[in-house]
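The values are calculated or read from the model by the stated rules, or taken from the named source; none is laboratory data. Note that the coordinates shown come from a computational prediction; the quantities given were computed from them, not determined experimentally. Using ideal geometry, Cβ is built from the backbone for each residue, glycine included, and neighbour counts are taken over all protein chains shown. Surface areas here come from the heavy atoms of the whole protein model, side chains and all, with no ligands, DNA or RNA. Shrake-Rupley method; radii C 1.70, N 1.55, O 1.52, S 1.80 Å.
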Amino acid sequence: MGGASDLDQHIATLRRCEIIPEDAVVALCAKARELLIQESNVQHVDSPVTICGDIHGQFYDLMELFKVGKDCPSTNYLFLGDFVDRGFFSVETFLLLLALKVRYPDRITLVRGNHESRQITQHYGFYDECLRKYGSAHVWHLCTDIFDYLSLSAMVDNEVFCVHGGLSPVITSIDQVRTITRKVEVPHDGPMCDLLWSDPNDDETSVGWGTSPRGAGWLFGHDVVTQFNTTNNVKLVCRAHQLVMEGYKWHFDKQVLTVWSAPNYCYRCGNVAAIFEYHDQDMHTPPPGHNFQIFHEAAANIRGFPAKSCPPEYFL
């Protein structure tokens, strides 16, 4: 990759939902690796920032997201993972976000989701898509190697802890997240797995830890979040990972927020999507605090055909 001009050309190609040459993917991933290896397991992000949930390869809906949230680098973005699988355009989606990260490293932060995994992507679409579009698994190997370098979480203004999934019974302090060896495939259990797989319990009065129906991670209760936020002096845990029909959902007296950014998920769920615009309370630029932008799926004539089948609902 020769420089900013070449990268800008590749970004323009990807924005048209066209793949870039395989040698360009090699160069892009090499640049991204150099950048991501310097980032922390808990990457610091300054507000104002727009926080986004799952995308799942719904490229044209990502374009709708950029319409309502404004383009990068005009807006500072934090994406909470699950860039790939299920949608038809995981390759273009992930490579575009990665190219934007390399081009504007201080204006976009990418956090790892549970689908940024070799095992999961072999079952839910990304692996097959790479084979179909590039004729071999080489691009899949390149991208899944990059997954290992993505941050596990982010901290906005030292007061909003952002993660794909949720909390872990073996993590009481955010400093413990910083000590995790992240440059590995997502484990089947343990703290790294929990951060990417756990969910808040649907029962708002629940306490403690429960078994997750996903088969990985945990369900965590009201008291768990209260203790975590108090111990770490944070106002909010912001996460993605769960389909919510309204695009976002508050939990446990607004101590946890779920943001979902894939409208009409799997091309059949009928949900709207949201992005979360977070501003420091002390800032004078309106709106103070936070704001949600709700958006709908891209028009049917430009987003391709609906999926023929949908994965099991416990993975939604």
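Counting Lys +1, Arg +1, Asp -1, Glu -1, what net charge surrounds residue 136 among other residues with beta carbon under 14 Å of its beta carbon? After counting each charged neighbour, the total is -2.
With all protein chains in place and ligands, DNA and RNA left out, the 1.4 Å accessible area ranks 250, 140 as 250, 140, largest first. Spread over its residues, the convex hull of the C-alpha atoms of segment 49-192 is 107 Å³ per residue. Normalised by 2.2 N^0.38 Å, with N the number of residues, the alpha-carbon radius of gyration of segment 1-91 equals 1.15.
The smallest convex shape that holds all Cα atoms of segment 109-217, its convex hull, gives 118 Å³ per residue.
What is the sum of charges around residue 209, taking Lys and Arg as +1, Asp and Glu as -1, for the other residues whose C-beta is under 12 Å from the C-beta of residue 209? Within the 12 Å Cβ shell, the charges total -3. Here the Karplus relation 6.51 cos²θ - 1.76 cosθ + 1.60, evaluated at θ = phi - 60°, turns the backbone of segment 188-193 into coupling constants of 7, 7, x, x, 5, 4 Hz, with x for every Gly and Pro. Calculated FRET efficiency, residue 137 to residue 253, Cβ-Cβ distance, R0 = 51 Å: about 0.65 to the nearest 0.05. Treating each Cα of segment 57-127 as an identical point scatterer and summing with the Debye formula, the log10 of I(q)/I(0) at q = 0.14, 0.22, 0.23 Å⁻¹ comes to -0.41, -0.96, -1.04.
Distance from the Cα centroid of segment 150-227 to that of segment 41-93 is 21 Å (rounded to whole angstrom). Spacing of the modelled spin labels on residue 145 and residue 35, each 7 Å from Cα toward Cβ, amounts to 1.8 nm.
Taken about its Cα centre, the chain carries a charge dipole of about 560 debye when Lys and Arg each add +1 at the Cβ and Asp and Glu each add -1 at the Cβ.
Other residues with beta-carbon under 11 Å from the beta-carbon of residue 124 carry, at +1 per Lys or Arg and -1 per Asp or Glu, a net charge of -3.
Here segment 7-146 has 49 percent of its accessible surface on carbon and sulfur atoms, given a 1.4 Å probe and all protein chains in place. Taking a point 7 Å out from the Cα of residue 189 in the direction of its Cβ, the residues of segment 215-259 whose backbone N falls within less than 16 Å of it are 215-219.
Looking at the chain, what % of the alpha carbon pairs are farther apart than 31 Å? Result for the distance tail: 24 percent. Think of a 1.4 Å ball rolled over the protein heavy atoms: the chain then has 40 Å² of accessible area per residue. Against the chain, whose longest principal axis is taken from its Cα atoms, helix 59-69 shows a tilt of about 60°.
Over all pairs of different C-alpha atoms, segment 173-268 has a mean inverse distance whose reciprocal, the Kirkwood radius, equals 14.5 Å. When DSSP beta bridges are restricted to pairs lying wholly in the chain, around 50% turn out antiparallel.
Rounded to the nearest 10 degrees, the angle from helix 138-147 to the longest Cα principal axis of the chain is 30 degrees.
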